[in-house]
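Engineer: After the structure tokens below, expect a handful of questions from me.
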Amino acid sequence: MSSLARPTHGRMIGGVCAALARRFGTSATTMRVIFLLSCLLPGPQFLLYIALWILLPSEERASTAW
């Protein structure tokens with residue numbers, strides 16, 4: 001598994017789904033569908049997405065930090 005960082009390429013809005021897909025070894029489209037389906041359930045999905053968007057470093061910033 002790779003480190004958790006938002007990619008600079010292949011992202012749609014914030015890159016959170018693309019980062020999670022890369023981390024868990026699935027496609028970004030699959031992760032986006034899972035996220036959209038989870039929005040049908042009650043819970044703080046949008047808040048979690050926004051929090052991850054803020055907390056996850058961008059791929060370019062993560063590579064310069066090490």
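Engineer: Per DSSP helix of 4 or more residues, -39500 (n - 2.57); summed, then divided by the residues of the chain. What does that give at 222 nm, rounded to the nearest 500?
Structural biologist: It lands at -16500 deg cm²/dmol.
Engineer: Please compute the contact order of the chain in relative form: average sequence separation of alpha-carbon pairs under 8 Å and at least six residues apart, divided by the residue count, as a percent.
Structural biologist: Reported relative contact order: 38 percent.
Engineer: If we sort 52-60, 17-25, 38-46 on the protection proxy, mean other Cβ atoms within 10 Å, highest first, what's the order?
Structural biologist: For the peptides 52-60, 17-25, 38-46, the packing ranking is 17-25, 52-60, 38-46.
Engineer: Under the 0.36 nm per residue contour assumption, what length would be gained going from the current alpha-carbon distance of L47 and T29 to full extension?
Structural biologist: 4.4 nm
Each value in this text was obtained by applying a stated rule to the coordinates, not by laboratory testing. Just so it is clear, the model here is predicted, and its values are computed rather than measured. Don't worry about glycine lacking a Cβ; one is built from the backbone with ideal geometry, like all the others, and counts go over all protein chains shown.
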